[in-house]
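The values are calculated or read from the model by the stated rules, or taken from the named source; none is laboratory data. This one's a predicted model, so the numbers in the text were calculated from it and none came from an experiment. In this analysis, Cβ positions are derived from the backbone assuming ideal geometry, glycine residues included, and neighbour counts consider all displayed protein chains.
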Amino acid sequence: MNTTEKNKDKPFLILASKSARRRYLLKQAGISFSVIPSDFDESLVPVSSPEKYVRILAESKAKDISDKYPESWVIGADTVVVIDGKILGKTSSRPDARSML
């Protein structure tokens with residue numbers, strides 16, 4: 001976890017995601033940040049259009065963390081895969097992943 005030098009107890013910029021790719025991009029940009037993944041329950045969000053669904057997920061994750069760290073800036077993001085207008089969810093097992101492919 002990266003921390004800001006300004007105040008190690010209260011990070012200034014937080015990435016509310018476990019994504020290695022997002023961490024990599026922020027590091028490449030030379031940005032100092034902390035990683036505090038949100039534990040927001042994604043099953044609470046009804047599946048709608050892919051654009052709306054992913055936006056609601058990202059906003060909900062950012063809000064979850066920003067409520068805990070109100071003095072910090074929070075980046076929330078999410079990604080979905082869509083084929084023929086259908087959102088492919090996260091697989092629960094190897095056979096599930098195989099059948100999805």
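Just give me the residues in region 76-92 being assigned to a loop (DSSP other than H, G, I, E, B) and under 21 Å from Ala20 (Cα atoms), in sequence order. Answer for region 76-92, where residues must be assigned to a loop (DSSP other than H, G, I, E, B) and under 21 Å from Ala20 (Cα atoms): Gly76, Ala77, Asp78, Thr79, Val80, Gly89, Lys90, Thr91, Ser92. Inside region 81-95, residues that are more than 14 Å from Glu51 (Cα to Cα), surrounded by 11 or more Cβ atoms within 10 Å (Cβ to Cβ) and at pLDDT 85 or above make up a count of 0. Restricting attention to region 51-80, the residues being out of contact with any Lys or Arg (no Cβ under 9 Å at 6 or more places or on another chain), surrounded by 14 or more Cβ atoms within 10 Å (Cβ to Cβ) and not hydrophobic (A, V, I, L, M, F, W, C) number 8.
Here Pro37 meets the list (1) surrounded by 14 or more Cβ atoms within 10 Å (Cβ to Cβ); (2) over 30 Å from Gly85 (Cβ atoms); (3) at pLDDT 90 or above almost entirely, failing just condition (2). The selection criterion, being over 15 Å from Ser19 (Cβ atoms) and not hydroxyl-bearing (Ser, Thr, Tyr), holds for Pro50. For Ser72, indicate whether it is farther than 30 Å from Leu101 by Cα, polar (S, T, N, Q) and at pLDDT 90 or above. Taking the combined requirement at face value, the residue satisfies it.
Looking at (1) in a loop (DSSP other than H, G, I, E, B); (2) surrounded by 14 or more Cβ atoms within 10 Å (Cβ to Cβ); (3) not basic (Lys, Arg), which one does Gly30 not meet, given that it meets all the others? With (1) in a loop (DSSP other than H, G, I, E, B); (2) surrounded by 14 or more Cβ atoms within 10 Å (Cβ to Cβ); (3) not basic (Lys, Arg) applied to Gly30, the lone miss is (2).
Restricting the first member to region 47-60 and to residues that are farther than 19 Å from Ile75 by Cβ and assigned to a loop (DSSP other than H, G, I, E, B), and the second to residues that are modelled with pLDDT of 90 or more and not hydrophobic (A, V, I, L, M, F, W, C), the beta-carbon pairs closer than 8 Å and six or more apart or on different chains are Val47/Tyr53.
Taken over region 14-25, the criterion of being touching a residue at least 12 places away in the same chain (Cβ under 8 Å) and either small (Gly, Ala, Ser) or under 8 Å from Ile75 (Cβ atoms) (or both) is satisfied by Ile14, Leu15, Ala16, Ser17, Ser19, Arg22.
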